[in-house]
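A.B. asks: Have a look at this one before I ask anything.
The values are calculated or read from the model by the stated rules, or taken from the named source; none is laboratory data. Treat the numbers as computed from the prediction; the structure is a model and nothing was measured. Here Cβ is always computed from backbone atoms with ideal geometry, including for glycine, and neighbour counts include all displayed protein chains. Protein only, heavy atoms only, side chains kept; ligands, DNA and RNA dropped before computing areas. Shrake-Rupley method; radii C 1.70, N 1.55, O 1.52, S 1.80 Å.
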Amino acid sequence: MIALEARSVDKTYGSGTNQVKAIDDVSFGVEKGEFVALVGPSGSGKTTMLAMLAGLLEPTSGSVLIEGEDLGKMGEAQRSRFRRRRIGFTFQANNLVSYLTALENVELMLRLTGQYNAANRKRARRLLEMLGLEERMVALPRELSGGQQQRVAIARSLINNPAVVLADEPTASLDTERAYQVVETMAHLVHEQGRAGIIVTHDLRMVEYTDRIVHLLDGRLERIVSPDDDLSCLADPASCQMISDDVLGADGEKVAATVS
Amino acid sequence: MSTSFHLSWKEIWRNRGRFLLFSLVIALITLLILFIAALGEGLGAGNREYIEKLNAELIVYQDTAQLSIASSRLGCETRNAVQGVNGVADVGAIGFSSVAIQQARGSEDLDISLIGVEPGKPGEPPVVEGQALERRSANEALIDGMIAEVTGLQVGDRFNIRSPQGGEEEFYMLKVIGVTESQMYGIRPSIFVPIVKWDEIRPKAAPGRGAEDPACNVAAVKLQAPTEIDAMRQRLVAQVRDIDAVDLETAYQNTPGYSAQQTTLNTQNAFALLIGLLVIGGFFQIQTLQKVPQIGMLKAIGTPNGVIALSSLIQIVIVNVLGVLIGALVTFGLSLIFPPGIPLVFEPTSATTAIGSILVIGPLGGLVSVRLSLRVEPLIALGLGG
């Protein structure tokens, strides 16, 4: 079942001769329990795409649907409410509130959604324990390593049982070992809890934990491949022009039409 | 509300050193503002206290004196004419001058206002201890509570007044027969003597004993109908030649330097409040600028603007209230140890107004930072926007 869907999404900045097309007619879908990597070189539009998937940025045309609800039809306050209830977010940096402990950071989402009660607080603790942070619950972000901070952010992104979990370069500031741990943990929880997960990364080593790879190039959907495919085309787009049909999601036809 | 309070309180508590330091800055501003208010009240009271407490409704001046007590001279005939106006209950002559009380060896002489009054007439203050003046020219005096406190003089004690007469310093011994409550005039404590004795003691360009029926500076007029001040004022001016009559407030506002002094202190107070506004605004503005990425992240995860704004506002109020509380307590502590001669009066109304002003300027100063936090784009969390 499709949890998140981008339909012919365009994003243009500026006007006239200064017009820049950051995203050009991108469509794809992510199913529940599916973990998708959004990859591409710098400037390919990954983060812009993620911002539109999260409802932080409005597409110039096209639409983004989460569980069938069109984010473009919501007002700003409604989108904000939708984000805190239905979208989990992990960022590259400044992920946590600096003056809240690890546990309080996770519980913040419960407070914001009016679900701060004993049962959910227990769930927050369990989630942190599951992420190996049982000893660090009362530590402030500055007392945590980069990897631990990202794991707290992952816990926060999942505590509200969101439909969609989005991560923007969560491994950018981590060493390889911690980066693998973070992505593996995310992938595990997305699969186990049946969320639709999208991770933006420029590090192709991280895609091995994902189910599909959406490759953006110059704002266009270049191809969708499986981590098991030959990924050399992602590093060198000219060497690989084919889309792997067997990894298309439920919206496969549309994607194929867009990319071909 | 609870999430906003949670966020603001956690931030304050986890950065308590920084916020306490800032509260201390607010405390210093509070201290400054309260002291300026107390100084204004003290100096104001020092100038107007005697006139403000007069048991009369109007003060009569010589018309050419332009409401300057020192320049005004009223003779016996004028006072009698005022007394004869219909609606006047009683009239008392008052004379003002400055002399000094000679103190024990080693102590500096105490500058005081020597006020001549007619025993039993308007102008003579009520005593809180001892007895009122009775005889027109006796060597007897009432001293105000401040003099009693500073010099230790009590009813029955005698003391010397030093007063220049011509080129010489003359000394006059007086006996304390009563103590009044504080009756400052001209930023000095006062002693009250019969008007004839006053005319004898007051500093003069040439030595002389004083007149049997001396001229005074002004006359205090008690009305039969105290509510008809304006009508009576007009009637007096119309019926008695060469006089001017004003109510007590106008009288003390026209004492030398009173209005200029109050304006100066009020300006100082306004500037102190403005500085407070800028300091508080600046601190929270810098604090918010430092938190822009974090605010962006909070918005990106769906934190409503209302929670963020309220959280900032609650934080400003907590820090401000704490600062004002510390400042008020320190001011109160200091007020207890100040010697009585210093013109600082912590009057509840002006202190409350000052504290209220600081409590208002805190959130006002912080509004700029609240506005800034509301304008932060959630896209900042993704490194987009700005």
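A.B. asks: Report whether or not B:Leu236 is open to solvent by less than 20 Å² (accessible area, probe 1.4 Å), aliphatic (A, V, I, L, M) and either assigned to a helix (DSSP H, G or I) or farther than 22 Å from B:Asp109 by Cβ (or both).
C.D. replies: On the way: open to solvent by less than 20 Å² (accessible area, probe 1.4 Å): yes; aliphatic (A, V, I, L, M): yes; either assigned to a helix (DSSP H, G or I) or farther than 22 Å from B:Asp109 by Cβ (or both): yes.
It is true that B:Leu236 is open to solvent by less than 20 Å² (accessible area, probe 1.4 Å), aliphatic (A, V, I, L, M) and either assigned to a helix (DSSP H, G or I) or farther than 22 Å from B:Asp109 by Cβ (or both).
A.B. asks: Turning to a different aspect of this structure: Please find, within region A:97-107, the residue that is surrounded by the most Cβ atoms within 10 Å (Cβ to Cβ) out of those that are among the hydrophobic types (A, V, I, L, M, F, W, C) and more than 8 Å from every other protein chain (Cβ to nearest Cβ). Give the derivation first.
C.D. replies: Taking region A:97-107 as the starting set, the residues that turn out to be among the hydrophobic types (A, V, I, L, M, F, W, C) are A:97, A:100, A:102-103, A:106.
Imposing the further condition that a residue be more than 8 Å from every other protein chain (Cβ to nearest Cβ) reduces the set to A:102-103, A:106.
Working: A:Ala102: 27, A:Leu103: 20, A:Val106: 30.
Applying the filter and picking the extreme gives A:Val106.
A.B. asks: Look at B:Leu7 and say whether it is more than 14 Å from chain A (Cβ to nearest Cβ) and among the hydrophobic types (A, V, I, L, M, F, W, C).
C.D. replies: On the way: more than 14 Å from chain A (Cβ to nearest Cβ): no; among the hydrophobic types (A, V, I, L, M, F, W, C): yes.
In short, no.
A.B. asks: Next up: Can you confirm whether B:Ala309 is buried (at least 24 other Cβ atoms within 10 Å of the Cβ), within 14 Å of another protein chain (Cβ to nearest Cβ) and either in contact (Cβ under 8 Å) with a residue 24 or more places away in the chain or over 20 Å from B:Ser8 (Cα atoms) (or both)?
C.D. replies: no
A.B. asks: Is at least one residue of region B:90-97 within 14 Å of chain A (Cβ to nearest Cβ), open to solvent by 20 Å² or more (accessible area, probe 1.4 Å) and modelled with pLDDT under 95?
C.D. replies: Going through region B:90-97, the residues within 14 Å of chain A (Cβ to nearest Cβ) turn out to be none.
Scanning region B:90-97 turns up no residue that is within 14 Å of chain A (Cβ to nearest Cβ), open to solvent by 20 Å² or more (accessible area, probe 1.4 Å) and modelled with pLDDT under 95.
A.B. asks: Can you report the number of residues in region B:359-381 which are within 14 Å of chain A (Cβ to nearest Cβ) and in a helix (DSSP H, G or I)? Before the answer, list the steps.
C.D. replies: Filtering region B:359-381 down to residues within 14 Å of chain A (Cβ to nearest Cβ) leaves B:373-381.
Right, trim to in a helix (DSSP H, G or I) and you get B:373-375, B:378-381.
Residues in region B:359-381 being within 14 Å of chain A (Cβ to nearest Cβ) and in a helix (DSSP H, G or I): 7 in total.
A.B. asks: Examine region A:58-66 for a residue that is surrounded by fewer than 24 Cβ atoms within 10 Å (Cβ to Cβ), part of a loop (DSSP other than H, G, I, E, B), more than 7 Å from chain B (Cβ to nearest Cβ) and hydrophobic (A, V, I, L, M, F, W, C), and state whether such a residue exists.
C.D. replies: Initial filter on region A:58-66 (surrounded by fewer than 24 Cβ atoms within 10 Å (Cβ to Cβ)): A:58-66.
Imposing the further condition that a residue be part of a loop (DSSP other than H, G, I, E, B) reduces the set to A:58-60.
When the remaining residues are screened for being more than 7 Å from chain B (Cβ to nearest Cβ), the result is A:58-60.
Now restrict to residues that are hydrophobic (A, V, I, L, M, F, W, C): none.
For region A:58-66, residues surrounded by fewer than 24 Cβ atoms within 10 Å (Cβ to Cβ), part of a loop (DSSP other than H, G, I, E, B), more than 7 Å from chain B (Cβ to nearest Cβ) and hydrophobic (A, V, I, L, M, F, W, C): absent.
A.B. asks: Yes or no: region B:166-173 includes at least one residue that is part of a loop (DSSP other than H, G, I, E, B) and farther than 20 Å from B:Lys204 by Cα.
C.D. replies: We begin by selecting, within region B:166-173, every residue part of a loop (DSSP other than H, G, I, E, B); these are B:166-167.
Imposing the further condition that a residue be farther than 20 Å from B:Lys204 by Cα reduces the set to none.
Among the residues of region B:166-173, not one is part of a loop (DSSP other than H, G, I, E, B) and farther than 20 Å from B:Lys204 by Cα, which makes the answer no.
A.B. asks: Starting from region A:205-216, take each residue that is touching a residue at least 24 places away in the same chain (Cβ under 8 Å) and list its partners that are charged (D, E, K, R), counting only C-beta distances under 6 angstrom and pairs at least six apart or across chains.
C.D. replies: Matching pairs, first to second residue: A:Tyr209/A:Glu184; A:Asp211/A:Glu34; A:His215/A:Glu222; A:His215/A:Arg223; A:Leu216/A:Lys46.
A.B. asks: In addition: Residues of region A:67-78 being under 23 Å from A:Glu34 (Cα atoms) and either in a helix (DSSP H, G or I) or within 11 Å of chain B (Cβ to nearest Cβ) (or both), which ones? Please lay out each step first, then the result.
C.D. replies: Filtering region A:67-78 for residues under 23 Å from A:Glu34 (Cα atoms) gives A:67-71.
If the condition is that a residue be under 23 Å from A:Glu34 (Cα atoms) and either in a helix (DSSP H, G or I) or within 11 Å of chain B (Cβ to nearest Cβ) (or both), then A:Leu71 is the only one that fits.
A.B. asks: Next up: Can you tell me which residue in region B:14-68 is most open to solvent (accessible area, probe 1.4 Å), limited to those that are among the small types (Gly, Ala, Ser) and within 30 Å of B:Cys216 (Cβ to Cβ)?
C.D. replies: If we filter region B:14-68 for residues that are among the small types (Gly, Ala, Ser), which is where we start, we get B:17, B:23, B:27, B:37-38, B:40, B:42, B:44-46, B:56, B:65, B:68.
Among the residues that remain, those that are also within 30 Å of B:Cys216 (Cβ to Cβ) are: B:42, B:44-46, B:56, B:65, B:68.
On the way: B:Gly42: 4, B:Gly44: 0, B:Ala45: 17, B:Gly46: 1, B:Ala56: 8, B:Ala65: 8, B:Ser68: 32 Å².
Out of the qualifying residues, it is B:Ser68.
A.B. asks: The conditions are (1) more than 7 Å from every other protein chain (Cβ to nearest Cβ); (2) crowded, with 16+ Cβ neighbours inside 10 Å; (3) touching a residue at least 12 places away in the same chain (Cβ under 8 Å), and A:Tyr116 fails exactly one of them. Which is it?
C.D. replies: (3)
A.B. asks: Tally time: how many residues in region A:159-177 are at pLDDT 90 or above, assigned to a loop (DSSP other than H, G, I, E, B) and of a type in the set (Gly, Ala, Ser)?
C.D. replies: Qualifying residue count, region A:159-177: 1.
A.B. asks: Could you list, in sequence order, all residues of region B:75-89 that are out of contact with any strand residue (DSSP E or B) (no Cβ under 7 Å at 6 or more places or on another chain) and either surrounded by 19 or more Cβ atoms within 10 Å (Cβ to Cβ) or of a type outside the set (S, T, N, Q) (or both)? Spell out the reasoning first.
C.D. replies: To start, the set of residues in region B:75-89 that are out of contact with any strand residue (DSSP E or B) (no Cβ under 7 Å at 6 or more places or on another chain) comprises B:75-77, B:80-81, B:84-86.
Of everything in region B:75-89, those that are out of contact with any strand residue (DSSP E or B) (no Cβ under 7 Å at 6 or more places or on another chain) and either surrounded by 19 or more Cβ atoms within 10 Å (Cβ to Cβ) or of a type outside the set (S, T, N, Q) (or both) turn out to be B:Gly75, B:Cys76, B:Glu77, B:Ala81, B:Gly84, B:Val85.
A.B. asks: So, in region B:248-305, how many residues would count as being without any contact (Cβ under 8 Å) to a residue 60 or more places away in the chain, open to solvent by 30 Å² or more (accessible area, probe 1.4 Å) and within 14 Å of chain A (Cβ to nearest Cβ)?
C.D. replies: Of the residues in that region, 2 qualify.
A.B. asks: Also, I was wondering about something else. Which of the following residues is facing chain B (nearest Cβ under 10 Å), under 17 Å from the mean Cα position of the chain (by Cα) and part of a strand (DSSP E or B): A:Gly29, A:Gly88?
C.D. replies: None of the others qualify; the one that does is A:Gly88.
A.B. asks: Would you check which residues across region B:16-60 are among the hydroxyl-bearing types (Ser, Thr, Tyr) and under 25 Å from B:Ala354 (Cα atoms) and list them?
C.D. replies: Kept after step one, since they are among the hydroxyl-bearing types (Ser, Thr, Tyr), are these residues of region B:16-60: B:23, B:30, B:50.
Within region B:16-60, B:Ser23, B:Thr30 qualify.
A.B. asks: How many residues does region B:116-161 hold that are outside any loop (DSSP other than H, G, I, E, B), under 25 Å from B:Phe338 (Cβ atoms) and open to solvent by 30 Å² or more (accessible area, probe 1.4 Å)?
C.D. replies: Here the count works out to 6.
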